[in-house]
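The values are calculated or read from the model by the stated rules, or taken from the named source; none is laboratory data. Given the structure is predicted, the values throughout are model-derived calculations rather than measurements. Glycine also receives a Cβ, built like all others from the backbone with ideal geometry; neighbour counts cover every protein chain displayed. The protein model used for the area step is the full one, side chains on, heavy atoms only, and it has no ligands, DNA or RNA in it. Shrake-Rupley method; radii C 1.70, N 1.55, O 1.52, S 1.80 Å.
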Amino acid sequence: MSKTEAESGQQDRGGPGQPLIIAKDLKKHFPVRSGLFSRRSATVRAVDGVSFDVMKGETLGIVGESGCGKSTTARLLIGLIELDEGGIIFDGDSLGGDIGLKELRRGVQMVFQDSYASLNPRLTIVDSVAFGPKIQGLDKPAERARDLLARVGLDPDRFAQRYPHELSGGQRQRVNIARALAMEPRLVILDEAVSALDKSVEAQVLNLLNDLRREFGLTYVFISHDLNVVRYISDRVLVMYLGEVVEIGPSEAIYAKQAHPYTASLFAAMPSMDPDNRTEEPPLAGDPPNPIDPPSGCRFHTRCRFAEDVCAARKPALSIIGGEEAHLAACHIHEPGSGHSLANREAAQ
Amino acid sequence: MTGTPLVEFNGLKVKFKGERTVHAINGLSLSMQAGETLGLLGESGSGKSVTLKTLLRLLPPRRSEIEGEVRVNGTDITTLSGRALSAYRGGEVSMVFQEPALALDPVYTIGDQIAETVMRHKGVGRFAAMEVALDMLNRVRIPSPERRLKNFPHEMSGGMRQRAMIALALACRPKLLLADEPTTALDATVQIQILLLLRELQREFGMGVIFVTHDIGVAVEVSDRIAVMYAGNIVETGTTRDVIKNPRHPYTRGLLAANLHGAVKDERLDAIPGSPPALEEPPSACSFAPRCAFARPQCLAGLPPVTDLGAGHSVACVLEQPAFS
Ligand SMILES: Nc1ncnc2c1ncn2[C@@H]1O[C@H](COP(=O)(O)OP(=O)(O)O)[C@@H](O)[C@H]1O
Ligand SMILES: Nc1ncnc2c1ncn2[C@@H]1O[C@H](COP(=O)(O)OP(=O)(O)O)[C@@H](O)[C@H]1O
Ligand code: SF4
Ligand SMILES: [Mg+2]
Ligand SMILES: [Mg+2]
């Protein structure tokens, strides 16, 4: 492996206008047994044609209910699992063509929800943080690890020699963050990384993530089910439903007005925080359907209160919302001439 | 105030012995009226589950020491045993959990499990008990309830299992329902359905509910009153409105800020520093003092006095004392 290859994940080559990640039509299907006693195999369409960009220095939030494909998308971005179809372009270099998995993995690091499972219980935390850099043959891994521990708020003199079980959940998550940063990534994917923490500790870690982003010029993909947290940390938000993108756009735009009925339901399901104005009606009934056999057309049509015949018949395309090119939603209501009674008919051509 | 409280804790202390001593509950006093929903709010380790387990007498007898009084409808339940204890559990008081597996037996159908409980506590026959089971599945709004009676727990989705567990817990019409984070593992769109269902059933059955949660938003959605727990004690109680709109304890204020409801992007969060105490020693001062931005020397000198602000709003913080206002 030549030096340039090893470093290609690390340096800015495409310039500020080049997205750090371009994800094009990502697909990942998993074969599973369809029922407890059935031999017939079925397919989980975990990620089913997902496209988005991540700009340099931005934080892209990904939201959606469990099972909608957030973690699978993340694992595709980091090369932990192989794409069935589609492509990933990292700072202008396409995966599989210009760069291989090795380079992608150096440029992209991930922090998971379970702070304990992510750490080797038999390694002291300084060894855990130094492990990656050592394997990569980076300079002075132990020193680097101590610096990073200090940077994430764990005094190395007190903490370096401790084992994971001797730390609190919040402290372990700080170690995981240090471990990700030790590889000098450009993109850090945080998959429910603060979700298991107590609220007061979560706020400390969010402050830390914001500081690190500025200091190291990082780009984040921030996966969470907590819309308050996503709003606080994200520049843009991507909403997934059953393996597909249903809405993507600037946080302020989406938090001010959700275009897709599913996004609107997710927001309406948030606790009101107002004792004088409590939620009176649940926005959706039942559990999310199974991604094994997703509904036809718009996958949300089985739960959508605006659903009409066209919704089951045809899949809506991502359309521009409110003339703002960065804001897209996939719903027939927003697709001019779709035939939905609420769609703008004039715009049809 | 109205007659006998439904639940009354008086100076409850719970200590776990073993390789490590844990002072889980440290002099907790709290009462609630019949038909009221009390939200017990606190971070992990603050003693919420231990409080509920004490009420249901589920603590390991050899490894735990209990001091103080716990009364339900005027009866001290810490001394119940034998038949009186089993009539109390599952009849008068029952519990729902975050994990339905703790309540539902995987090898029996939902219908059999509910019917069996009803037969045991109400002394009715199998046929009548099955009728009750069907009625309960209807009430928790499980679609096609006749068919679902014959389902095993694993044949249901997460939200449905949660509903089935609620049906089981309420089948004997308890006066008190203990809910230990029953919606924490659910997606937001399913969580709100279950919260609203519990709110409705509470009204319909007129039962008292103690709803344990770490999520302030959830507490607001279901509770008439909220009690905020920290390190095994209540630091603030009041009506939901008072606690949310006029929080007095620095910890309650910190929790509200950490909820991020209305936090401004890129603005530094007002995070509570540090982490909760280890509970190896019983507290001799305000347990929150080491993390508190307003701590005074008095906070470390002794346990904080409880100040009654009226209308059931009380706060355990020295800053509420006249000398500081
Ligand atoms: N390795 C796998 N094998 C089979 N199914 C999988 C695998 N990984 C994920 N899935 C399924 O793919 C869907 C999406 O999962 P995931 O990406 O983890 O969702 P999320 O992170 O949004 O909760 C789910 O139905 C999940 O059960
Ligand atoms: N059976 C037990 N043995 C020893 N310690 C326990 C036991 N149950 C709970 N604890 C401890 O008591 C404290 C309070 O726990 P718990 O009530 O479960 O907190 P939570 O507020 O998260 O529900 C914690 O420190 C916990 O570790
Ligand atoms: S396309 Fe139809 S079913 Fe889908 S979200 Fe829009 S209105 Fe609802
Ligand atoms: Mg996930
Ligand atoms: Mg608990």
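The residue of segment A:59-101 that is farthest from ligand 4 (Cβ to nearest atom), among those that are within 13 Å of the chain's Cα centre (by Cα) and hydrophobic (A, V, I, L, M, F, W, C), is A:60.
Regarding segment B:203-216, can at least one residue be identified that is aliphatic (A, V, I, L, M) and out of contact with any strand residue (DSSP E or B) (no Cβ under 8 Å at 6 or more places or on another chain)?
Of the residues in segment B:203-216, the ones aliphatic (A, V, I, L, M) are B:207, B:209-210, B:212, B:216.
Still in the list and also out of contact with any strand residue (DSSP E or B) (no Cβ under 8 Å at 6 or more places or on another chain): none.
The answer is no; no qualifying residue exists.
Could you tell me whether residue A:103 is in a loop (DSSP other than H, G, I, E, B) and either in contact (Cβ under 8 Å) with a residue 24 or more places away in the chain or under 22 Å from residue A:191 (Cα atoms) (or both)? The answer is no for residue A:103.
Please go through segment B:260-292 and give me each residue that is of a type in the set (D, E, K, R), assigned to a loop (DSSP other than H, G, I, E, B) and within 14 Å of another protein chain (Cβ to nearest Cβ), ordered by number. Give the derivation first.
Initial filter on segment B:260-292 (of a type in the set (D, E, K, R)): B:265-268, B:270, B:280-281, B:291.
Filter again for assigned to a loop (DSSP other than H, G, I, E, B), leaving B:265-268, B:270, B:280-281.
B:265, B:266, B:267, B:268, B:270, listed by residue number.
Being of a type in the set (Phe, Trp, Tyr), within 13 Å of chain B (Cβ to nearest Cβ) and free of Cβ contacts under 8 Å to residues at least 40 places away in the same chain is a property that holds for residue A:255.
Which residue, of B:295, B:227, B:257, is within 9 Å of chain A (Cβ to nearest Cβ) and either open to solvent by less than 70 Å² (accessible area, probe 1.4 Å) or part of a strand (DSSP E or B) (or both)? Show your work before the answer.
Details: B:295 fails: within 9 Å of chain A (Cβ to nearest Cβ); B:227 fails: within 9 Å of chain A (Cβ to nearest Cβ).
So the residue among B:295, B:227, B:257 that is within 9 Å of chain A (Cβ to nearest Cβ) and either open to solvent by less than 70 Å² (accessible area, probe 1.4 Å) or part of a strand (DSSP E or B) (or both) is B:257.
Checked against (1) of a type in the set (D, E, K, R); (2) facing another protein chain (nearest Cβ under 8 Å); (3) touching a Phe, Trp or Tyr at 6+ places or on another chain (Cβ under 8 Å), residue B:245 passes all but condition (3). Answer with yes or no whether residue B:185 is within 13 Å of chain A (Cβ to nearest Cβ), within 16 Å of ligand 5 (Cβ to nearest atom) and open to solvent by 10 Å² or more (accessible area, probe 1.4 Å). In short, yes.
Applying the set (1) closer than 21 Å to residue B:175 by Cβ; (2) within 16 Å of ligand 5 (Cβ to nearest atom); (3) in contact with a Phe, Trp or Tyr (Cβ under 7 Å, 6 or more places away or on another chain); (4) more than 14 Å from chain A (Cβ to nearest Cβ) to residue B:39 leaves exactly one unmet item: (4).
Of all the strands (runs of 3 or more DSSP E) wholly in segment B:10-118, which have at least 3 residues that are open to solvent by less than 40 Å² (accessible area, probe 1.4 Å) and in contact (Cβ under 8 Å) with a residue 60 or more places away in the chain? First the steps, then the outcome.
Working: elements: B:22-32, B:37-41, B:64-72, B:93-96.
Counting at least 3 such residues, we get B:22-32, B:37-41, B:93-96.
Looking at this structure, is residue B:238 part of a helix (DSSP H, G or I) and of a type outside the set (A, V, I, L, M, F, W, C)? In short, no. Taking the criterion of being touching a strand residue (DSSP E or B) at 6+ places or on another chain (Cβ under 9 Å), in the same structural domain as residue A:107 (by TED's automatic domain parsing) and not acidic (Asp, Glu), would at least one residue in segment A:158-165 satisfy it? Scanning segment A:158-165, I find no residue that is touching a strand residue (DSSP E or B) at 6+ places or on another chain (Cβ under 9 Å), in the same structural domain as residue A:107 (by TED's automatic domain parsing) and not acidic (Asp, Glu), so the answer is no. Taking segment A:226-316 and the helices (runs of 4 or more DSSP H) fully enclosed by it, the elements with 1 or more residues that are open to solvent by 20 Å² or more (accessible area, probe 1.4 Å) and within 18 Å of residue A:334 (Cα to Cα) are at A:251-256, A:261-268, A:309-313. Within segment A:50-79, residues that are more than 17 Å from residue A:104 (Cα to Cα) and β-branched (Val, Ile, Thr) have Cβ atoms under 7 Å from residues that are away from ligand 1 (no atom under 13 Å from the Cβ) and assigned to a loop (DSSP other than H, G, I, E, B) in these pairs: A:59/A:234; A:59/A:235, counting only partners at least 6 apart in sequence or on another chain.
Checked against the criterion of being within 18 Å of residue A:225 (Cα to Cα), among the hydrophobic types (A, V, I, L, M, F, W, C) and within 16 Å of ligand 1 (Cβ to nearest atom), segment A:278-291 has no qualifying residue. Within 18 Å of residue A:276 (Cα to Cα), within 18 Å of the chain's Cα centre (by Cα) and surrounded by 22 or more Cβ atoms within 10 Å (Cβ to Cβ): is that true of residue B:243 in this structure? Yes, satisfied.
Condition first: open to solvent by less than 50 Å² (accessible area, probe 1.4 Å), within 22 Å of residue A:266 (Cα to Cα) and free of Cβ contacts under 8 Å to residues at least 40 places away in the same chain. Can you find one or more residues in segment B:128-135 that meet it? Checking segment B:128-135: not a single residue is open to solvent by less than 50 Å² (accessible area, probe 1.4 Å), within 22 Å of residue A:266 (Cα to Cα) and free of Cβ contacts under 8 Å to residues at least 40 places away in the same chain.
This table checks each residue for (1) open to solvent by less than 20 Å² (accessible area, probe 1.4 Å); (2) more than 10 Å from ligand 1 (Cβ to nearest atom); (3) not in a strand (DSSP E or B).
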position: A:46; (1), (2), (3): yes, no, no
position: A:50; (1), (2), (3): yes, yes, no
position: A:57; (1), (2), (3): no, yes, yes
position: A:60; (1), (2), (3): yes, yes, no
position: A:73; (1), (2), (3): yes, no, yes
position: A:76; (1), (2), (3): yes, no, yes
position: A:83; (1), (2), (3): no, yes, yes
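Taking residue A:254, is it more than 15 Å from the chain's Cα centre (by Cα), closer than 29 Å to residue A:177 by Cα and modelled with pLDDT of 95 or more? Before the answer, list the steps.
Details: more than 15 Å from the chain's Cα centre (by Cα): yes; closer than 29 Å to residue A:177 by Cα: yes; modelled with pLDDT of 95 or more: yes.
For residue A:254, the condition - more than 15 Å from the chain's Cα centre (by Cα), closer than 29 Å to residue A:177 by Cα and modelled with pLDDT of 95 or more - is met.
Listed conditions (1) outside any strand (DSSP E or B); (2) open to solvent by less than 10 Å² (accessible area, probe 1.4 Å); (3) small (Gly, Ala, Ser); (4) closer than 30 Å to residue A:265 by Cα are all met by residue A:180, apart from (4).
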